[in-house]
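**Q** Have a look at this one before I ask anything.
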Amino acid sequence: MEMLIVDPKTTSTLTAPAKGAITKDTCIAAIEPILARVGGRNQLLVRVETEDGLVGWGESGLSSREAAVSATVKDYAGFLIGQDSRRIGRIWQQCYRSQYFEGGRVLTAAISAIDIALHDLLGKRLGLPVYQLLGGKQRDVIPTFASFLATSDKQAIDATQTLVDAGWDCVRIYPSGFVNECFLPRASLAKTAQTLITLRETFGPDLCLGIDLHHRYSPAEISNLCAKLPAGVLDFLEEPIRCESPEAYAALRQQTDIPFAVGEEFASKWQAAPYLEHGLTQYMRLDICNIGGFTEAMKVAAMAERYYVDLMPHNPLGPICTAASVHMSAAVPNFSWLETRQSPVENLGFHDPEIFPVQVELEGPVYRVPDTPGLGVEVNEAAIRASVPEHVETPHLVRPDGSVTNW
């Protein structure tokens, strides 16, 4: 509503902007993608600044294809500059619907970074942590699961023991299964099955044990792996096959009772829907930096709650992704574990304190939910701009017969 003010000098009626109305200060002045090398990988951050000089940060998750996402961010900036940064939901819709061809991972990765940055901005403007914008926190700490590459049974036992001693109750292994970019699925699965059995025998029934198969296999191969495992060995099977075909997951679901953890490939609520509606995942592995930021992630979380499916978010990037994932995880009721890449058995350098002097800290196996305004991350702009990205091309895997397979 507008408030009428009477000017006693002129006795004319003036119109003042209502509280919360658009002001120039809150309008977007600049949107900039920044690609940098942080530790062992590139990170694509997006910096959004408003007319009053306030800055928010977001991150995109489409690793190795950052140039495509950067170009999309620049396209979006063309019509977003000048808009009110607080109209986050409307901006999401405009970005998603501003072209004939809907969605896709490049578009939603760009939208994700912008959406996260806008939430960071609004939290800073209001003096509130982002989780307060999402309904408030439902937990004070965010439990995590930790991961390691299982190269041998001894290495797997040693890594798991290190994690258990440090307080983790959920660990995930990921086998390589390839030599010089040649992937050997059958040999890999036999070895993997034995490693999993050994870990279960060593650590007993209380440890939650999962495996990330990086969607490199066929349904038949995964069925074969599951047949090699005694009941109770594995607590979750992550991304066994690619997500293009819910029907293939439905067929695989009939062949094993091991819970599936699926969703890091999803780019929208629409892509997630059949997996929830048909019981094709028991843990929702959404990635806030790919699915569309907080705006879309919270909708998928609500859909998952409808089916009693807990979130187990994908979090393989840097401090912006981690902080966004922590705020989201704090604000939802249906949550199990958040992925962390900062455990004692991984030294990846993604959370470089020189570049990110203030960030959400891992305390043992948990992230404590920050109460600082926005995401709770500060970026050393000079350092991030000075860090030169490297060209990254993920391995182009082939099978022994020379045919191309999934990375």
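The values are calculated or read from the model by the stated rules, or taken from the named source; none is laboratory data. Just so it is clear, the model here is predicted, and its values are computed rather than measured. Cβ coordinates were reconstructed from backbone atoms using ideal geometry, including for glycine residues, and neighbour counts include every protein chain displayed. Calculation scope for accessible area: heavy atoms of the full protein, side chains included, ligands and nucleic acids excluded. Shrake-Rupley method; radii C 1.70, N 1.55, O 1.52, S 1.80 Å.
**Q** Filter segment 41-55 down to the residues that are open to solvent by 10 Å² or more (accessible area, probe 1.4 Å), more than 19 Å from residue 322 (Cβ to Cβ) and assigned to a strand (DSSP E or B) and list them by number.
**A** Result: 49, single match.
**Q** While we're on this one: Within the group 160, 198, which residue is in a helix (DSSP H, G or I), open to solvent by less than 10 Å² (accessible area, probe 1.4 Å) and over 21 Å from residue 48 (Cα atoms)?
**A** Criteria check complete, one pass: 160.
**Q** Hey, another quick one. So which residues in segment 139-156 are under 26 Å from the mean Cα position of the chain (by Cα) and of a type in the set (Asp, Glu), if there are any at all?
**A** 140
**Q** I would also like to ask the following. Does segment 276-302 hold any residues that are of a type in the set (A, V, I, L, M, F, W, C), under 17 Å from the mean Cα position of the chain (by Cα) and in a helix (DSSP H, G or I), and which are they? Spell out how you get there, then give the answer.
**A** Start the filter on segment 276-302 by keeping residues that are of a type in the set (A, V, I, L, M, F, W, C), which leaves 276, 280, 284, 286, 288-289, 291, 294, 297-298, 300-302.
Narrowing further to those that are under 17 Å from the mean Cα position of the chain (by Cα): 284, 286, 288-289, 291, 294, 297-298, 300-302.
Correct list: 294, 297, 298, 300, 301, 302.
**Q** Next question, about the same structure. Could you list, in sequence order, the residues of segment 112-155 that are closer than 20 Å to residue 61 by Cα and of a type in the set (Val, Ile, Thr)?
**A** If the condition is that a residue be closer than 20 Å to residue 61 by Cα and of a type in the set (Val, Ile, Thr), then 114, 116, 130, 144 are the ones that fit.
**Q** Among the numbered conditions (1) over 24 Å from the mean Cα position of the chain (by Cα); (2) open to solvent by 10 Å² or more (accessible area, probe 1.4 Å); (3) modelled with pLDDT under 95, tell me where residue 189 comes up short.
**A** Every condition holds for residue 189 apart from (2).
**Q** Give 139, 125, 86 a once-over and let me know the one that is outside any loop (DSSP other than H, G, I, E, B) and either out of contact with any Gly (no Cβ under 6 Å at 6 or more places or on another chain) or open to solvent by 50 Å² or more (accessible area, probe 1.4 Å) (or both). If you could, list the steps in order and put the result at the bottom.
**A** Working: 139 fails: outside any loop (DSSP other than H, G, I, E, B); 86 fails: outside any loop (DSSP other than H, G, I, E, B).
Sole residue among the options that is outside any loop (DSSP other than H, G, I, E, B) and either out of contact with any Gly (no Cβ under 6 Å at 6 or more places or on another chain) or open to solvent by 50 Å² or more (accessible area, probe 1.4 Å) (or both): 125.
**Q** Within segment 241-255, which residues are open to solvent by 20 Å² or more (accessible area, probe 1.4 Å) and either in a helix (DSSP H, G or I) or within 25 Å of residue 338 (Cβ to Cβ) (or both)? Please lay out each step first, then the result.
**A** Just the residues of segment 241-255 that are open to solvent by 20 Å² or more (accessible area, probe 1.4 Å), to begin with: 242, 244-248, 250-251, 253-255.
Of everything in segment 241-255, those that are open to solvent by 20 Å² or more (accessible area, probe 1.4 Å) and either in a helix (DSSP H, G or I) or within 25 Å of residue 338 (Cβ to Cβ) (or both) turn out to be 242, 246, 247, 248, 250, 251, 253.
**Q** Here's another thing I want to ask about it. For segment 263-278, check the following and say yes or no: at least one residue is surrounded by 21 or more Cβ atoms within 10 Å (Cβ to Cβ), at pLDDT 95 or above and of a type in the set (Asp, Glu).
**A** yes
Residues are listed down the side, and each one gets a yes or a no for (1) of a type in the set (Phe, Trp, Tyr); (2) surrounded by fewer than 24 Cβ atoms within 10 Å (Cβ to Cβ); (3) modelled with pLDDT of 95 or more; (4) under 14 Å from the mean Cα position of the chain (by Cα):
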residue	(1), (2), (3), (4)
308	yes, yes, yes, no
313	no, no, yes, yes
319	no, no, yes, yes
323	no, no, yes, yes
342	no, yes, yes, no
345	no, yes, yes, no
353	no, yes, yes, no
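**Q** Got a sec? Which of 73, 106, 69 is over 18 Å from residue 29 (Cα atoms), part of a helix (DSSP H, G or I) and touching a strand residue (DSSP E or B) at 6+ places or on another chain (Cβ under 9 Å)? Walk me through how you get there before you give the answer.
**A** Values: 73 fails: over 18 Å from residue 29 (Cα atoms); 106 fails: touching a strand residue (DSSP E or B) at 6+ places or on another chain (Cβ under 9 Å).
Matching residue, one of 73, 106, 69: 69.
**Q** Take residue 91 and decide whether it is assigned to a helix (DSSP H, G or I) and either touching a residue at least 12 places away in the same chain (Cβ under 8 Å) or open to solvent by 10 Å² or more (accessible area, probe 1.4 Å) (or both).
**A** Numbers: assigned to a helix (DSSP H, G or I): yes; either touching a residue at least 12 places away in the same chain (Cβ under 8 Å) or open to solvent by 10 Å² or more (accessible area, probe 1.4 Å) (or both): yes.
Answer is yes for this residue.
**Q** Hey, any hits in segment 216-232 for a residue that's at positive phi, in a loop (DSSP other than H, G, I, E, B), buried (at least 19 other Cβ atoms within 10 Å of the Cβ) and in contact (Cβ under 8 Å) with a residue 40 or more places away in the chain?
**A** No: segment 216-232 contains no residue that is at positive phi, in a loop (DSSP other than H, G, I, E, B), buried (at least 19 other Cβ atoms within 10 Å of the Cβ) and in contact (Cβ under 8 Å) with a residue 40 or more places away in the chain.
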